[in-house]
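Visitor: Structure below; questions to follow.
The values are calculated or read from the model by the stated rules, or taken from the named source; none is laboratory data. The structure presented is a predicted model; accordingly, all values stated were derived computationally and were not measured. Positions of Cβ are backbone-derived with ideal geometry, glycine not excepted, and every protein chain shown enters the neighbour counts. Just so you know, the surface numbers come from the protein's heavy atoms only, side chains and all, with ligands and any DNA or RNA stripped out. Shrake-Rupley method; radii C 1.70, N 1.55, O 1.52, S 1.80 Å.
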Amino acid sequence: MRKTPDPAGKEVVRALLVGVDFGKSDFVSSMGELALLAESAGAEPVDIITMKRESPDAALFIGSGKADEIMLVIAQLRCDIVIFNHALSPAQQRNLERRLEVGVVDRTSLILDIFAQRAKSHEGKVQVELAQLQHLATRLVRGWTHLERQKGGIGLRGPGETQLETDRRLIGERVRVLRARLEKLQRQRETQRRSRKRNQTFSLSLVGYTNAGKSTLFNAMTKAGTYVADQLFATLDTTSRRVYLEGAGNVVISDTVGFVRELPHQLVAAFRATLEETVYADLLLHVVDAASPVRREQTEQVNMVLKEIGADSVPQLIVLNKIDLVGLNPGIERDEYGKIQRVLVSARTGAGMDLLRLAITEYALQAGSTQRQEGAAGDKTPSEARMH
């Protein structure tokens, strides 16, 4: 990929963003998010091209005419790369690169690249590498067509397999190694969770759309000093802290990776060990950006991922964050049965944090009461249980 130097001499990747409107209601916000993803990956979006289609073109995704239009824009703006707001098939990506004569990246590859840049812990790096290899395995045909033939001749004969087969075998072996490491890390997490359960420690996980303010909220509650930035996927590594709450005792709070629309399945699978902190939590704090105009759609996207990993049955408390940006007052909202539904806070200013602690305490006490009742029922004989 060629890179264009800026006036200071620093190389900048000039990106042309492409999106196809298939009639979805969140298309505009999705394109805005693509620009943020591109910037998070280190690219500079120089233009956006959008179009409407009923369905993708089988060969180029966008059709031949639009491809010619994009070629002209690439030449005029000296673009280094084209980023599509969609998942492209290996054939579509290969055909586009041949036609446009620049690198083509789809949304899945872009998110994987950001994750690769941000992973800090050993577990995070293993998870990202596994996701990248699983994605790469479907695209190995790219660039290897000239090596599909068996090597031949004296001194040139291969080990009985083509270059493509060799690559697939090496990737397969590496994937097995990484999966074994993740399974070991998963067993360690399960041991920690069993220890918490034995101690009857109430556990909660922060979930939410990327950049909703989870890490800021986590720091405000735990004084942990977790890395915070106004960018997508600032947090990849799950961090857990023990916090004492008046009336509830010790609780364990975990900060998790943010979700995003069309989160690649490879990432969800690779990060399953990390995301399982949410499955085994007693309560999910679903952090929602009050200032986002598409917060309803973002909430739905988070719930879709939670369902995919089996955490949709865990009780949720909606935390409407960043209320200082929209002029809302801190508060607790309850349903008609008196159960807490939402807490309005600003993690940045601290407004409403005392109310959030009260809400968590209320949930923890209810959970503790339920556990005691279940334990008491388990101690009774079947006839005693029927009498009650």
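Residue by residue, here is whether (1) modelled with pLDDT of 90 or more; (2) closer than 20 Å to residue 27 by Cβ; (3) assigned to a helix (DSSP H, G or I) holds:
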{"site": "66", "(1), (2), (3)": "yes, yes, yes"}
{"site": "83", "(1), (2), (3)": "yes, yes, no"}
{"site": "99", "(1), (2), (3)": "yes, no, yes"}
{"site": "112", "(1), (2), (3)": "no, no, yes"}
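Visitor: Next question. Quickly run through the range 110-119 and pick out the residues that are under 14 Å from residue 136 (Cα atoms) and open to solvent by less than 30 Å² (accessible area, probe 1.4 Å).
Guide: 110, 111, 112
Visitor: Exactly one of (1) without any contact (Cβ under 8 Å) to a residue 60 or more places away in the chain; (2) of a type in the set (A, V, I, L, M); (3) open to solvent by 50 Å² or more (accessible area, probe 1.4 Å); (4) assigned to a loop (DSSP other than H, G, I, E, B) is unmet by residue 88. Its number?
Guide: (3)
Visitor: While we're here: Considering the range 322-366 alone, what residues qualify as being open to solvent by less than 40 Å² (accessible area, probe 1.4 Å) and either touching a Ser or Thr at 6+ places or on another chain (Cβ under 7 Å) or free of Cβ contacts under 8 Å to residues at least 40 places away in the same chain (or both)?
Guide: Listed by number, the residues that qualify are 323, 331, 338, 340, 343, 346, 347, 351, 352.
Visitor: May I pose another question? If the requirement is being touching a Ser or Thr at 6+ places or on another chain (Cβ under 9 Å) and free of Cβ contacts under 8 Å to residues at least 60 places away in the same chain, which of these qualifies: 99, 78, 53? Show your work before the answer.
Guide: Values: 78 fails: free of Cβ contacts under 8 Å to residues at least 60 places away in the same chain; 53 fails: touching a Ser or Thr at 6+ places or on another chain (Cβ under 9 Å).
The unique qualifying residue is 99.
Visitor: Okay, next question. Only one of (1) of a type in the set (D, E, K, R); (2) under 28 Å from the mean Cα position of the chain (by Cα); (3) open to solvent by 40 Å² or more (accessible area, probe 1.4 Å); (4) at pLDDT below 85 is not met by residue 174, so which one is it?
Guide: Residue 174 satisfies all of (1) of a type in the set (D, E, K, R); (2) under 28 Å from the mean Cα position of the chain (by Cα); (3) open to solvent by 40 Å² or more (accessible area, probe 1.4 Å); (4) at pLDDT below 85 except (4).
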